[in-house]
1. Please label the shape of the chain as rounded, prolate or oblate, based on the square roots a ≥ b ≥ c of the eigenvalues of the alpha-carbon gyration tensor (a/c under 1.5 means rounded; beyond that, a/b larger than b/c means prolate, else oblate).
2. Straight-line reach from Lys378: which lysines fall under 24 Å, measuring Cα to Cα and dropping same-chain residues less than 8 apart?
3. Taking the Cα centroid of region 257-291 and of region 182-233, what is the distance between the two, rounded to the nearest whole Å?
4. Can you give the FRET efficiency to the nearest 0.05 for Asn99 and Lys307, using r as the Cβ-Cβ distance and R₀ = 22 Å?
5. May I ask which residue of Ser38, Gly180, Ile6 lies farthest towards the positive end of the charge dipole of the chain, with charges of +1 (Lys, Arg) and -1 (Asp, Glu) on Cβ and the Cα centre as origin?
6. Calculate the length of the line joining the C-alpha centroid of region 1-74 to that of region 329-346, in whole Å.
7. Between Met166 and Asn136, what is the label-point separation in nm under the 7 Å Cα-to-beta-carbon projection?
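Where a number appears in this text, it was derived from the coordinates with a stated rule and is not lab data. As the structure is a computational prediction, the values presented were derived from the model and not from experiment. Here the Cβ is made from the backbone with ideal geometry for all residues, glycine too, and neighbour counts use every protein chain on show.
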Amino acid sequence: MRVAIIGGNRIPFARSNGPYATASNQDMLTAVLDGLVSRFGLQGERLGEVVAGAVLKHSRDFNLVRESVLGSRLSPQTPAYDLQQACGTGLQAVIAVANKIALGQIEAGIAGGVDTTSDAPIGVNENFRKLLLEFNRTRKLSLLTKLRPSHVVPHLPRNGEPRTGMSMGEHAAITAAKYGITREEQDELTARSHRNLARAYDEGFFDDLVTPYLGLTRDQNLRPDSSPEKLAKLKPVFGDTMTAGNSTPLSDGASAVLLATEEWARERSLPVLAYLTFAETAAVDYVHGDEGLLMAPVHASPRMLGKAGLKLQEFDFYEVHEAFASQVLATLKAWEPDLGEIDRSKLNVNGSSLAAGHPFAATGARIVATLAKLLHRKGSGRGFVSICAAGGQGVTAILER
Ligand SMILES: CC(=O)CC(=O)SCCNC(=O)CCNC(=O)[C@H](O)C(C)(C)COP(=O)(O)OP(=O)(O)OC[C@H]1O[C@@H](n2cnc3c(N)ncnc32)[C@H](O)[C@@H]1OP(=O)(O)O
């Protein structure tokens, strides 16, 4: 069964502690689901499944996606589940829904992701948590005498890798140095991302992909006037070459994609933008080996191309998630020996995460929806998606039309 991508919806991405500071993951995910309901007439529709996730999640959000479905205008009989693979979450959710459609288990489903760094969960101090659990079990007031001032010290979330104690940026800086990625190339790629995203907004490309939310109509991080010269003035924050400009900002936002069989789409007179045809996931041993934390897509890519019987050059568009400009450039360099070079004019043609922002789990569905629409507008062709993820993982996919 062919898996059709009907369309996408997202809210503009906001910078951390910006206009979405009071919005929860559930608020934002519900908003993008309702956006799809409005766009595709899904009011009261019972879909096969909704699969989405968030990287940063409160314990109360154990059933985040199902709760978001219940808050939306979809039928409450639509099942849903949470999935999480760091920044690969959104694309992995698309693959999960697509696989069930391909197997004939469901006819239509929504995949997506959401994240807020503004409303990040803060864990209770571990010793305090154990004391509270004991109190809950025994109800002994005498336990209160064990309370210590240290118990108010919270467990704060860190944008870092548990096994190395290093941040994603610090890891990426090591990879940038290994591949000899210069500051100039990173700033050039960043400025191009901003230029491309601004042009796409101006052309109306996102009119049916982005729904205004809480006063934002465009991604808040977007700086149309960003230039290599301006970016060159920023101080390095990771290694010698990576700055706040050529790194993604901490962001808030949500996105979703509607997938279905062609028949389901035809019955409802809905368009088919493109088809998801291949996908692959890989992981690297970044703890013991010398491969970079964010380099797993380099392994997923040849495996996926082998299964598809395609060369890396046989694509019209490349969507490589811009976790950091250096990471994209390192991926391109790492591809070269075995897969060859790509035509860079086909890379992230309508901008990517450096300009749009990167609410971790929301990036995959943003990319899939953008690429599907690019292919639809072109009429025919092929697109390549590559997303790196924490924990040394990477997800890739092929969209065709
Ligand atoms: C998670 C996965 O599984 C895989 C992945 O994707 S890995 C990626 C995960 N994401 C991250 O790790 C996020 C990394 N980013 C960060 O931690 C932070 O954004 C950061 C430390 C890099 C910067 O934080 P910050 O200092 O608060 O940034 P911010 O204050 O916005 O910007 C600093 C300066 O740069 C300027 N600036 C930022 N972008 C600019 C641009 N494009 N052009 C010009 N100036 C810019 C700002 O105006 C600001 O200038 P002032 O100090 O004069 O106000």
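1. oblate
2. Cα-Cα hits under 24 Å: Lys311, Lys346.
3. The distance from the Cα centre of region 257-291 to that of region 182-233 comes to 25 Å.
4. In this case the efficiency is close to 0.95.
5. The listed residue farthest towards the positive side: Ser38.
6. Here the two parts' Cα centres lie 34 Å apart.
7. The answer from the label model is 3.7 nm.
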